[in-house]
Amino acid sequence: MLAGWYDVLTRNTRTLPADAAGVAQAAALLRGGGLVAFGTETVYGLGADATNARAVAAIFAAKGRPRFNPLISHFPDADRAFAHVMADARARKLADVFWPGPLTMVLKRQAHSKIDLLVSAGLDTLAVRVPAHEQARALLRAAGVPVAAPSANRSGAVSPTTAAHVLADLDGRIDTVMDCGPACVGLESTVLDLSGSAAVLLRPGGTELSAIEALIGPVRRHKASEGEALKSPGLLASHYAPVLPLRINNESAADEALLAFGPVPDTAGLTWNLSESGDLTEAATRLFAGLRWLDQEGRARGLRGIVAMKVPYGGLGDAINDRLERARK
Ligand code: TXA
Ligand code: MG
């Protein structure tokens, strides 16, 4: 444990550009066991060599993440991802259509996989994903190792969609952040458990469930209340939380900040509109930046909380409402 704290306290965080030289430097850092944050199409990830136990342990230390919460391993293509897991026909079909892209599949681990057991927190499954972001894939190709990467925020806080968000949470605790620009989806990947015969949705995200079901048939919605073992610890109720208390309602008071959706009059003390035209795709890209901004500005102005309007269900609306529910305290 002491070594972990020592590691956390002595890192001098540098920002690298996402050009060829930046990718090469970031890849070398990853191969050397460093902590490298990088942009993906969903949110920024905090990457480390998934086969290096010490590097993986440093991810948990830097984030303050509970060790029972497993990490996603990232690959530049499906072939490399499927070398570590038992991919059945469903997984291959989904990979053909949705990879690279915001879909994570949980599958049984191959016995020979060198991915460290800490990555899967003792489960016999692995979560694998091929991100769509070009520079992220260039980094994964250059690194040549599977890259374990949770979202690059302090555990429990709002996910980062820019390099500045990453630095706000992790400056001094990681080796570098590769600035890949603002994340274009803005919400984490959809996490789908395919380790059993029934497909189970563990986390709604950037890939729409209806599109997945059109391809592989009905998917069960995971409910923590079902009393089964907690399959995806990321489903823990408190997550993505700003410091100010957040409630969900369509009306806000003058001493509250408002996370709005659609054409609403700007009567709150402080407003961030996810999408004035009511576009869910735009709303997803603006969600985490808005939560961070309202939290910071709201506290600076002495407001007592944030009110978030619910967005319509369906498609990305399910994932946005899921994050809002979790942001409540
Ligand atoms: O879009 C994303 O998925 C981003 C980018 C960086 O790729 N990553 C991300 O990681 O959101 P993280 O750690 O914040 O969320 C990963 C989720 C957690 O809910 C975790 O519990 C779940 O995936 N997970 C990982 N491995 C799992 C496994 N073997 N079985 C079940 N759930 C797993
Ligand atoms: Mg996260």
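A short reminder: the numbers here are calculations on the coordinates, not readings from a lab. Note that the structure is a prediction, hence the values are computed from the model and not measured. Note that each Cβ is placed from the backbone with ideal geometry, even for glycine, and that neighbours are counted across all protein chains shown.
Some notes on this structure:
- Simple spin-label estimate for residue 121 and residue 276 gives 4.2 nm between the two label positions (7 Å along the Cα-to-Cβ direction from each Cα).
- GNM result for the chain, Cα springs below 10 Å: residue of 306, 216, 59 fluctuating most strongly: 216
- Shape class of the chain from the Cα gyration tensor (axes a ≥ b ≥ c, square roots of the eigenvalues): oblate, since a/c reaches 1.5 or more and a/b does not exceed b/c.
- Cα-derived Rg over Rh, computed across the range 33-107 with Rh taken as Kirkwood radius: 0.98
- Estimated from helices alone, the mean residue ellipticity of the chain at 222 nm is -9500 deg cm²/dmol (sum of -39500 (n - 2.57) over DSSP H runs with n ≥ 4, per residue).
- Peptides ranked, highest mean first, by Cβ atoms within 10 Å: ranges 111-118, 37-44: 37-44, 111-118
- Interchain or long-range residues, amide H under 5 Å from residue 305's placed H: 257
- Cβ charges +1 (Lys, Arg) and -1 (Asp, Glu), total dipole of the chain, debye: 920
- Estimated vicinal HN-Hα couplings, Hz - the range 189-196 in sequence order (Karplus 6.51, -1.76, 1.60; Gly, Pro = x): 5, 6, 9, 10, 8, 10, 7, x
- Cβ crowding within 10 Å averaged over residues, with 123-135, 289-301, 269-281 ranked highest first: 123-135, 289-301, 269-281
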